[in-house]
Structure formats: structure tokens, C-alpha cells
Amino acid sequence: MNIQIFGKSKCFDTKKAQRYFKERRIKYQDIDILRYGMSRGEFDNVLRVVGLDAMIDEKAKDAEILRYLAYDGDKADKLFENQQWIKTPIVRNGKKATAGYHPEVWKDWE
């Protein structure tokens, strides 16, 4: 397994995801999405797996701007430019990914 957790340092769900993998002694790579961000390839892979709506954090400040864009391609580009609007944690395992806290999916990865 090659687990990556893209998260925010102050996100409660990110901390819960980290704890989930620590308790099971599964190694993971922790990436601060606000500091380092996701590459375009990583972003596109996650987008393909989870979908655009699942990646948008409705509680994020100014994220409602995305509602006013007509095309999903425009929304995805705007979300990539403003990664603080991404719902965290984004947990990747190869081509599999989740957006948000989903231990029910992660247990199948073990």
C-alpha cells in the first residue's frame, strides 16, 4: 500500500484519518494541501475517482463561487487554482481515492 493523505493541519477529519492509519500501523505520507498542494495529475486522478461534487468543501470560505460556474471543467479548474476549497482529507492509495473521512472504504484497502 502507498497511502497519501492530503489534508489541512487544522482539519478535524484529517487528524481522524491520520489516527485511523496510525492505529493500524499502516504507513502513510502526510501532505499539507495548503502548503504544498496537489499536482495537476494527482488532482485529475482524484477527480476522476470521487467526482467533482465530492471534492468541494461546502463549508470553505468563498467556495460558493463554484456554484455560479456553468461547466464542470471550469469548476474543476477553479478548484485546482483554489485548493483551500477542497474537502479534506483526500486519501489516495494508488488509483483509489476518497474525499472526506471514509474508514468504511479504507478498511477494504488493507
Taking the chain, the lysine pairs whose C-alpha atoms sit under 16 Å apart (8 or more places apart or on different chains) add up to 22
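Less than 12 Å Cβ to Cβ from Thr14, Lys/Arg counted +1 and Asp/Glu -1: what total charge do the surrounding residues give? The partial results should precede the final answer.
Values: positive: Lys8, Lys10, Lys15, Lys16, Arg19, Lys87; negative: Asp13, Asp30, Asp32, Asp57.
Surrounding charge for Thr14 is +2.
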D (µm²/s, integer) via Stokes-Einstein for the chain, Kirkwood Rh across alpha-carbon pairs, 4 °C, 1.567 mPa s: value 92
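Using the heavy atoms of the protein chains alone and a 1.4 angstrom probe, what is the accessible area of the chain per residue in square angstrom?
Counting only protein heavy atoms, the per-residue value for the chain is 62 Å².
Rounded to a whole number, what % of the accessible area of the chain do carbon and sulfur atoms account for, probe 1.4 Å? The partial results should precede the final answer.
Working: 3180 of 6870 Å².
Accessible surface attributable to carbon and sulfur in the chain totals 46 percent.
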CD proxy, 222 nm, the chain: helix-only mean residue ellipticity via -39,500 (n - 2.57) per DSSP H run with n ≥ 4, per residue, nearest 500, stands at -10000 deg cm²/dmol
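The values are calculated or read from the model by the stated rules, or taken from the named source; none is laboratory data. On a predicted model such as this, the values are computed, not experimentally measured, just so you know. Counting neighbours? That spans all protein chains shown, and the Cβs are built from the backbone with ideal geometry, glycine included. Accessible surface areas use protein heavy atoms only, side chains included; no ligands, DNA or RNA. Shrake-Rupley method; radii C 1.70, N 1.55, O 1.52, S 1.80 Å.
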